[in-house]
Structures are given as structure tokens and as C-alpha cells.
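Laboratory data are not the source of any read-out in this text; all were calculated from the coordinates shown. Since we're looking at a predicted model, the values are computed, not measured. All Cβ positions, even for glycine, are placed from backbone atoms using ideal geometry, and neighbour counts span all protein chains on display.
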Amino acid sequence: MSEALLPDPISVTVRAPAKINVYLGVGKVRSDGFHPLETVYQAVSLYDDVTVTDAGEWSVSTITDGAHVDAAAVPDDESNIVIRAGKTLAAHHQLERTARIEVRKSIPVAGGMAGGSADAAATLVALDRLWNLNTSDEELLALAAELGSDVPFALIGGTATGAGRGEVVTPVEDNGTWWWVVVFNDDGLSTPSVYGAYDLLEGGDHDYRVRPALLETLRDPAGNPDGIGVFVYNDLEDAAFYLRPDLQTSAEAALECGAMTTLLSGSGPTMLAIATDADEARSIAGQLAERGYDRTAVVHGPVAGAHVVAYG
Ligand code: C5P
């Protein structure tokens with residue numbers, strides 16, 4: 001998170017990664033409506049870029065390269081999480097300042113890859129640099145947790161466990177380079193609806209702790225020739241498949257195309273297939289395209305959390 005400061009930049013661009021949950025264990029709903037989680041996050045090579053400049057009032061605009069993202073689905077008013085992030089940072093420092101925020105999106109909207117959380121994390125870092133605030137990492141993580149369960153992870157990136165409602169993040173040693181085929185889906189799936197279906201179907205009355213063998217394989221990839229495929233898991237998968245049977249069909253297609261394991265990404269609807277290397281990932285993506293699943297991306301993780309890529 002910390003970079004050397006340049007004096008008085010006019011604009012700052014920060015890049016933040018999408019996340020996947022290599023493991024997502026979900027417990028019984030809490031009295032505040034959130035679910036206790038035990039998760040292993042991994043930041044992957046699909047990014048949003050956020051550029052901030054000083055302005056007389058808060059504004060946000062979203063542009064997209066078109067591939068997987070429906071920019072029209074992103075609010076362009078103060079309900080957008082990036083403006084909430086900016087206001088939270090300004091209030092924390094008792095500043096009256098406001099900014100124009102431009103988001104260049106490649107992470108799908110409502111896709112289960114924490115795109116909005118990435119944008120919020122990027123905004124915190126970008127405004128901190130634009131305004132030379134020197135906010136400590138601890139403070140940034142606390143502000144991020146106020147904004148959403150996945151925002152702290154987007155700050156730190158890499159691979160990390162998440163506890164609490166996901167906001168209590170602890171980096172874990174990950175010495176692998178893991179390749180994933182991301183299968184995008186046009187129809188967003190609301191996170192609360194998936195948790196709601198989970199409560200109805202399962203209720204979370206089980207041991208949902210992260211398997212130590214997964215953490216050990218991340219630390220020592222050579223120690224397990226099967227890789228992490230046998231340990232990945234998502235408690236929300238049955239609930240998402242219940243709401244959206246087409247997701248199960250896409251998972252089955254990925255298996256038929258040679259994927260060792262498939263996994264729902266977060267609360268969906270994005271699906272993931274694990275590959276042993278980049279070539280296999282590209283081969284699976286190619287075969288999926290032949291079956292009509294042509295909106296895919298080959299990504300790898302872990303990658304860095306929110307970081308400055310340009311000062312203007
Ligand atoms: O924290 P965030 O804003 O991302 O959460 C969005 C919604 O997802 C929450 O309002 C809640 O319905 C659900 N959620 C949950 N348990 C979590 C995280 C999210 O039930 N640990």
C-alpha cells in the first residue's frame with residue numbers, strides 16, 4: 001500500500017485487482033445480518049484503474065473496454081461506493097475536499113469478484129496520494145472495512161485469509177502461480193440473495209474452517225503435485241446453483257473441457273476453472289469458446305493489491 005509520495009500531483013491513478021475466494025466457508029447468519037466467514041482470498045490479474053483529480057464537487061464516471069463489463073449497471077451518483085470511499089477518507093481527516101473519480105473497469109459488475117470493492121480500495125489509496133494525507137495502513141484498512149467486507153483485501157492483495165464478515169484479513173504465504181479460467185456471466189447475481197438462499201438451504205450449521213492442507217499447498221506448491229484443486233471449496237455454490245441452474249451447466253462444461261475443478265467465484269455468477277498452467281488455461285478457454293462460452297479470461301494469482309500506476 002505504501003509508496004513514496006510525489007509533490008502535489010494533479011491526478012493519481014491506482015490499479016486494484018479482482019479477487020477470488022479459493023476457499024469460502026460460511027457460518028450461521030449473525031444478528032447484524034452478516035455471515036461469519038472463513039475464507040482464503042487470492043488477488044488475480046484482472047484489474048480496475050481509478051483516476052482521481054481535484055474538483056468542486058464529488059462525481060464519478062465509469063468507462064469500460066467493453067469486454068466483460070456493463071458500465072451502465074454502475075451508479076453514476078453518490079450511491080457509487082467510490083464516492084462513499086472518498087467521503088469516508090475526507091471525513092476521517094476532517095477535510096472538506098472533493099474530487100472527480102474516473103473508473104476504468106475490467107472486473108465484472110455484480111460478478112462475485114469484488115469489483116466495487118477494488119474500486120473503493122483504489123479510491124482510498126488514490127485520494128490519500130493526491131492529497132498527501134499519509135494515512136497509515138492500519139487506518140486505511142479500518143476505513144476499508146467500513147465500506148464493505150471485501151474492501152480490506154483489495155488493499156493488501158496477494159493471498160490472505162479473511163475472517164469476521166471477511167474484513168479481518170491476514171496475509172498467508174503463497175509461493176505458487178495459480179492459473180484460472182474466469183467464465184463471465186451476463187446476468188449479475190445479488191450477494192444478499194445468494195446468502196438468503198444459503199440460509200434457507202443450509203443455514204451454515206457445520207464446520208466451515210479453512211482446511212490446513214490448502215494453506216500448506218499454497219506455501220509449498222511442490223509438496224502437493226495435485227495443486228490446490230482438491231482443496232478449493234465454496235459454501236455458497238449450492239445456493240447460487242439453486243438460484244441459477246445455468247451456472248451448474250457452465251461448471252459441467254468446464255469440466256468436460258479438461259478443467260480439474262470448478263468453483264463459484266464468491267457469491268457468483270462468475271465461475272472459475274483451475275488449470276495446471278497458462279497453456280492448459282488457454283486450452284480450456286478455447287474449448288469453452290467452441291461450446292458458446294466465449295466470454296472468458298485467463299488470469300493468474302496472486303498479484304499485488306491496490307497500487308499507484310501513474311501520477312499526472
Ligand atoms: O459487506 P458487503 O457490502 O460486501 O455485503 C453485501 C451484502 O452481502 C450484505 O448486506 C449481506 O447481505 C451479505 N453478506 C453477508 N455476510 C458476509 C458478507 C456479505 O451476509 N460476510
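Annotations for the structure displayed:
- Working from Cα pairs under 8 Å separated by at least six residues, relative contact order for the chain is 28 percent.
- Using R0 = 30 Å, the C-beta based FRET efficiency linking SER61 and ALA289 works out to 0.40.
- The C-alpha atoms of the chain define a longest principal axis, and helix 191-201 lies at about 40 degrees to it.
- Note: relative contact order over region 239-312, using C-alpha pairs below 8 Å and six or more positions apart, is 21 percent.
- Expected-Rg normalisation [2.2 N^0.38 Å, Cα atoms] applied to region 253-303: 1.06
- Counting DSSP beta bridges with both ends in the chain, the antiparallel % (nearest 5): 85 percent
- Counting all C-alpha pairs of region 37-112, share separated by more than 21 Å (%): 36 percent
- Sites excluded, GluC sites (Glu not before Pro) in DSSP loops with at most 14 other C-beta within 10 Å, longest stretch of the chain: 174-312
- Rounded to the nearest angstrom and listed largest first, the equivalent-ellipsoid semi-axes of region 173-312 from its Cα gyration tensor are 24, 21, 18.
- With neighbour counts taken as other beta-carbon atoms within 10 Å, the residues THR159, THR98 rank, fewest first, as THR98, THR159.
- Evaluating 6.51 cos²θ - 1.76 cosθ + 1.60 at θ = phi - 60° for every residue in region 140-154, the Karplus couplings come out as 4, 5, 5, 5, 4, 5, 5, 7, x, 4, 9, 5, x, 5, 4 Hz, glycine and proline recorded as x.
- Kirkwood hydrodynamic radius (C-alpha pairs) into Stokes-Einstein, region 83-185, 25 °C and 0.890 mPa s, D in µm²/s: 167 µm²/s
- Using equal-weight Cα scatterers in the Debye expression, the normalised intensity of the chain in log10 at q = 0.06, 0.07, 0.09, 0.14 Å⁻¹ is -0.19, -0.26, -0.43, -1.04.
- Value of Rg/Rh across region 126-209 [Cα atoms, Kirkwood radius]: 1.04
- Separation of alpha-carbon centers, region 266-293 and region 123-161, rounded to whole Å: 31 Å
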